[in-house]
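Asks: Mind looking over this structure? Questions follow.
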Amino acid sequence: MTGATPSPNIWDSPEIYEIENRAVDPDRVIEAALAELVLESGQGLLGADSSWGRVLDVGCGNGFHLPRLAEVAEHVTGVEPRASLAAAAMHRTRHLNNVTIRQGLAQELPVPSASVDVAHARLAYFFGPGCEPGLEELARVVRGGGLAVVLDHDASRSELGRWFADGLLVDGVPRDGPAHERFWALQGFSRRQLDVRWQFENSADLAAVLRIEFPLETVQRALAEIGDRLELEAAVNLWFRRY
Ligand SMILES: C[S@@+](CC[C@H](N)C(=O)[O-])C[C@H]1O[C@@H](n2cnc3c(N)ncnc32)[C@H](O)[C@@H]1O
């Protein structure tokens with residue numbers, strides 16, 4: 001779909017990206033922080049059954065995070081521009097009656113205005129300068145009192161952050177920390193910084209995931225540093241804004 005940000009990691013290697021998603025954050029630090037942000041937003045945000053209400057997952061890929069979101073939401077809409085991934089997300093969630101998948105872009109969200117209680121985008125499209133059209137769309141679709149949360153890698157901290165910052169990242173994490181922070185602040189977003197682990201079952205999986213995320217030189221240096229460990233230190237930013 002024209003207008004999509006190239007995402008070679010999941011576009012070219014969806015099976016390995018699945019391994020990556022399974023390895024990231026076994027302690028569910030991110031999920032707990034998201035739940036805390038929703039709670040802090042107050043009762044006005046919660047649906048009648050104390051759920052998160054109508055949740056939008058922008059750039060949902062093949063829908064890895066949708067089943068968990070569907071457990072806490074009244075309804076979840078996953079938006080994904082890549083047809084094969086949107087189809088995979090549909091297949092993954094086919095038994096969940098509160099999930100809808102729409103093919104579409106962050107810049108032209110295929111949902112009505114003020115129809116979303118919680119918008120969530122994880123490592124998708126919202127990578128700093130350049131994502132203003134998508135931010136305008138978030139402001140259109142999230143209702144007054146609603147919440148938007150954008151998750152990206154924190155390239156300023158942790159060993160994975162160092163490798164992301166060193167190499168030319170394939171899906172566009174910016175290198176310049178202070179400029180990145182200024183951008184989000186100007187857009188009205190605040191930040192939670194989280195430390196998370198990536199835990200792999202074996203070293204072949206770990207190496208395969210590094211290969212879809214980093215240039216070869218960075219992979220070689222990272223593997224030398226990692227040795228026989230199966231656990232990596234990572235850091236993420238949760239940028240959030242209430243409307
Ligand atoms: C790195 S993947 C992350 C997928 C998913 N959020 C996850 O965590 O498993 C980035 C996703 O963003 C999608 N994407 C790229 N450009 C986009 C755009 N303009 N609007 C919405 N999604 C986009 C890609 O197709 C890809 O599925």
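Asks: Does GLY59 satisfy the condition of being open to solvent by less than 30 Å² (accessible area, probe 1.4 Å), touching a Phe, Trp or Tyr at 6+ places or on another chain (Cβ under 6 Å) and within 15 Å of the ligand (Cβ to nearest atom)?
Replies: Values: open to solvent by less than 30 Å² (accessible area, probe 1.4 Å): yes; touching a Phe, Trp or Tyr at 6+ places or on another chain (Cβ under 6 Å): yes; within 15 Å of the ligand (Cβ to nearest atom): yes.
When the stated conditions are applied, GLY59 passes them.
Asks: It is to be established whether one or more residues within region 89-106 are assigned to a helix (DSSP H, G or I), more than 13 Å from the ligand (Cβ to nearest atom) and open to solvent by 10 Å² or more (accessible area, probe 1.4 Å).
Replies: Kept after step one, since they are assigned to a helix (DSSP H, G or I), are these residues of region 89-106: 89-92.
Cutting the leftovers down to more than 13 Å from the ligand (Cβ to nearest atom) gives us 90-91.
Restricting the remaining residues to those that are open to solvent by 10 Å² or more (accessible area, probe 1.4 Å) gives 90-91.
Scanning region 89-106 turns up at least one residue that is assigned to a helix (DSSP H, G or I), more than 13 Å from the ligand (Cβ to nearest atom) and open to solvent by 10 Å² or more (accessible area, probe 1.4 Å).
Asks: Within region 142-163, can you find the residues that are farther than 19 Å from LEU34 by Cα and of a type in the set (A, V, I, L, M, F, W, C)?
Replies: ALA155, LEU160, TRP163
Asks: If you don't mind, there's one more thing I want to ask. Keeping to region 111-129, report how many residues are assigned to a loop (DSSP other than H, G, I, E, B) and open to solvent by 30 Å² or more (accessible area, probe 1.4 Å). Give the steps one after another, and end with the answer.
Replies: Initially, region 111-129 is screened for residues assigned to a loop (DSSP other than H, G, I, E, B), giving 111-115, 123-129.
Add one more test, that the residue is open to solvent by 30 Å² or more (accessible area, probe 1.4 Å), and what stays is 112-114, 123, 125, 129.
Of the residues in that region, 6 qualify.
Asks: Considering only residues that are over 19 Å from ILE19 (Cβ atoms) and touching a residue at least 40 places away in the same chain (Cβ under 8 Å), which ones fall in region 206-220?
Replies: PRO215, GLU217
The values are calculated or read from the model by the stated rules, or taken from the named source; none is laboratory data. In this text, all values refer to a predicted model and were calculated from it rather than measured experimentally. Neighbour counts run over all protein chains shown; Cβ positions are idealised from the backbone, glycine included. Heavy atoms of the whole protein, side chains included, go into the accessibility calculation; ligands, DNA and RNA do not. Shrake-Rupley method; radii C 1.70, N 1.55, O 1.52, S 1.80 Å.
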